[in-house]
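Here is the structure we will look at.
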Amino acid sequence: LGDTTGDGLINILDVTAMLNHLNGDKELQGVYEQAGLVVNDTEIDIFDILAVYDYINGTATINK
């Protein structure tokens, strides 16, 4: 969860990919889209992005 770029890391590039998806600039599909569903709902939204951002900042965890 959270690794929307598939590089094995959760970092600002994942937040950027999620923002691009949300804005309609570049759609995440398949396992990359599934990785973006951090708060266990049906679509990537601002709450998923904030969860990844908080994880990067060390203020939250991401649970599978």
Sort through Lys64, Lys26 and tell me the only one that's out of contact with any Phe, Trp or Tyr (no Cβ under 7 Å at 6 or more places or on another chain), in contact (Cβ under 8 Å) with a residue 12 or more places away in the chain and in a loop (DSSP other than H, G, I, E, B).
Lys64
The stretch 1-23, subset assigned to a helix (DSSP H, G or I) and exposed (fewer than 14 other Cβ atoms within 10 Å of the Cβ), residue farthest from the chain's Cα centre (by Cα):
Asn23
I want to confirm something. Restricting to the stretch 37-49 and keeping residues that are closer than 18 Å to Glu27 by Cα and either of a type outside the set (Val, Ile, Thr) or assigned to a helix (DSSP H, G or I) (or both), which single residue is modelled with the lowest pLDDT?
Asp41
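The values are calculated or read from the model by the stated rules, or taken from the named source; none is laboratory data. All of these numbers come straight from a predicted model, not from anything done at the bench. Don't worry about glycine lacking a Cβ; one is built from the backbone with ideal geometry, like all the others, and counts go over all protein chains shown.
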